[in-house]
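Notes follow the structure.
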Amino acid sequence: MVHKLSEGSLEIIMNGGHYDKPIMQVLGSKKIQGSGANERFRLLVSDGKHSHSFAMLATQLNDKLITGELSDYSVVQIDRFVTSLLKNTGKGEKRVMIILDLTIVAPGTQVGKKLGNPQTWTEDSAAAAAAQPAMQPVSRPNPVTTFNIKPTPNPALDSSILSSQMTHPIASLSPYQNKWVIKARVMSKSPIRTWSNAKGEGKLFSMDLCDESGEIRATAFKNECDKFYDIIQVDKVYYISRCQLKTANKQFTNLKNDYEMSFTADTVVAECMDEASSVPSIKYEFVPINEIANKSPDTLLDIIGVCKSVADIQELTQRSTGRLLKKREITLVDSSGGAVVLTLWGSEAEKFDGSTNPVIAAKGARLTEFNGSKSLSCLASTMLRLNPDLPEAHKLRGWYDNGGANMDIVNISARSGAYGGGSNEWITFAEAEARQLGAGDKGDYYSLLGVLTFTFSDNAVYKACPQEQCNKKLVDQENGLYRCEKCNREYPNFKYRLLLGANVSDPTGDQRITAFNEAAEAILGKTSAEIGQMFEYDKAAYSQIFEEVKFKTFVFKFRTKMETYSDEARLKTTVMSAQPVDYKDANARLIKSIKALSGVEV
């Protein structure tokens, strides 16, 4: 089969013109930088008349090359591309073609040879073409990369940047360029963060930007933080120029770009009032929830699901800094039959409203694993959208509202310990013993529906160190002061904390359990401060609390581990959480068990 190439198309493109969907041949490829998701490849392409080695493959097309689908001698149709001028040391500027999308017309194994006799295209040939206007092809602006920048009222845009008529694709930016303008949409913007160390103090915020060619992180410090934070809004499109480019720190960003931008005193930002729709919104690579369990911890994932349930907001203290953190866990489900917990932090956790079961799209959530239980957690860079205008979101909404809400699900965030489980499984004490849970080195976790049959009220409340990051029991100095051995300090005040011992029973057995402060508060229905006050001033009310909770039923999540006391091995079972029974859920489980055991439809 004869494959006809678009002869002369390279000359037009490299002279700044546009050629619609040229047919070219790939003659070779070379890896030029990066690794993994950040690999970049340069291609030697031919149109039959000329060949040129400054064609870059967009990172989203790397798989075609790595898997061998795109190989030497392949004939391709270049469906989308952009060009950019790069600084070429000592030789002015060099134009580079960045291939954004292509269709393989014929694989290299089928073609098997170089087509035509292409001559290497050089900058000299471009100069010669420019010197002969009669032979110069009519050049039409590339609609992907060319925009007329119009003045806006924003004072941050000065007149010098208005003279630039060509915006650069993000994928083409590098530290070797000094004159560029990008037109990009703001995908996300972090809150302002402050720092203080021996070198001084300051503030910063970061944002993630995207255009047709790719994504990049930008950060503004100190004065630039104050100048631009209120100007820049999420989902709006801006012209940005005069930023410093440096190698990206992959510890803090998951974007597929080897570089990141820092705002400087010369940085120019202006909102784009026209053609904003030509810049794409966030690009997602959604992973079905039932496939998340097979992913490695610390992977950054894009997920979309319906919010099926929302936990109450929780407060906890960061060990390293003593800072108070707020979090909220929400459970997402999708049509794959999977469910996963997504943890929101800070203001996102406080303002979240899941009462309408919204569809949630999250880009760049971190996968975490704890004792076999996998869940997702939002980072400062995670992009969260409620009820986004996406085809996947509309499809999920229809699925959930038309029966999906009642679908049996596999909650991967409920898998724990040494057993595989599959769904959010409740087991009995007899089953936990049969599975030898707790016999391992790290301990095991399991959930159980049980009754609180006895509580030990003696020593259930104690006076603890008032420091947020310390819960050590204080020693009463008998002089109005309390000493913390851990902090090596004396305090005139304290805080109450709970350490509850109790017995839990189910139809197969019983177990002595220990519940620390938050879990004990959930069981007793009072805060540690309230119970401490009763212990000091109203012993009858204090005793009544422990009596009233007896024979109440909870869904417990336990951690169990074999520990040695005085050379005797004993199983220690700690309550991680205790929740009231959702009888609709409990009945569904019971009916499912009856079906499984008897084969009888109920």
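Side notes on the structure shown:
- The lone criterion from (1) open to solvent by less than 70 Å² (accessible area, probe 1.4 Å); (2) out of contact with any helix residue (DSSP H, G or I) (no Cβ under 7 Å at 6 or more places or on another chain); (3) not in a helix (DSSP H, G or I) left unmet by I591 is number (3).
- Filtering region 174-190 to residues that are open to solvent by less than 50 Å² (accessible area, probe 1.4 Å), outside any strand (DSSP E or B) and among the polar types (S, T, N, Q) leaves S174, Q177, S190.
- Within region 9-18, the set of residues being touching a helix residue (DSSP H, G or I) at 6+ places or on another chain (Cβ under 7 Å) and either at pLDDT below 85 or assigned to a strand (DSSP E or B) (or both) comprises M14, N15.
- The listed residue being of a type in the set (A, V, I, L, M, F, W, C), more than 22 Å from G440 (Cβ to Cβ) and either out of contact with any Gly (no Cβ under 8 Å at 6 or more places or on another chain) or open to solvent by 40 Å² or more (accessible area, probe 1.4 Å) (or both), out of F494, F554, F516: F494
- Among residues of region 480-533, those that are more than 20 Å from F456 (Cβ to Cβ), among the charged types (D, E, K, R) and within 40 Å of the chain's Cα centre (by Cα), counted: 2
- Exclusive hit being among the β-branched types (V, I, T), at pLDDT 75 or above and open to solvent by 80 Å² or more (accessible area, probe 1.4 Å), set T120, T103, T83, T89: T120
- Of the residues examined, G202 is not one that is among the small types (G, A, S) and either within 21 Å of K363 (Cβ to Cβ) or exposed (fewer than 14 other Cβ atoms within 10 Å of the Cβ) (or both).
- Count of region 230-262 residues which are assigned to a loop (DSSP other than H, G, I, E, B), in contact (Cβ under 8 Å) with a residue 12 or more places away in the chain and open to solvent by 50 Å² or more (accessible area, probe 1.4 Å): 10
- Across region 430-447, the qualifying residues are those that are over 10 Å from T560 (Cβ atoms), touching an Asp or Glu at 6+ places or on another chain (Cβ under 9 Å) and not polar (S, T, N, Q), and the one among them that is surrounded by the fewest Cβ atoms within 10 Å (Cβ to Cβ) is A430.
- One residue stands out in region 357-372 among those that are modelled with pLDDT under 90 and surrounded by fewer than 20 Cβ atoms within 10 Å (Cβ to Cβ): the one that is farthest from I282 (Cα to Cα), namely N371.
- Evaluated against (1) modelled with pLDDT of 80 or more; (2) open to solvent by 20 Å² or more (accessible area, probe 1.4 Å); (3) out of contact with any Leu (no Cβ under 7 Å at 6 or more places or on another chain), W426 falls short on exactly one condition, (3).
- Enumerated strands (runs of 3 or more DSSP E) restricted to region 484-578, each holding at least 2 residues that are within 21 Å of A464 (Cβ to Cβ), among the charged types (D, E, K, R) and out of contact with any helix residue (DSSP H, G or I) (no Cβ under 9 Å at 6 or more places or on another chain): 489-491
The values are calculated or read from the model by the stated rules, or taken from the named source; none is laboratory data. Given the structure is predicted, the values throughout are model-derived calculations rather than measurements. Positions of Cβ are backbone-derived with ideal geometry, glycine not excepted, and every protein chain shown enters the neighbour counts. Each accessible area value is taken on the protein alone, full model and side chains, heavy atoms only, with ligands, DNA and RNA left out. Shrake-Rupley method; radii C 1.70, N 1.55, O 1.52, S 1.80 Å.
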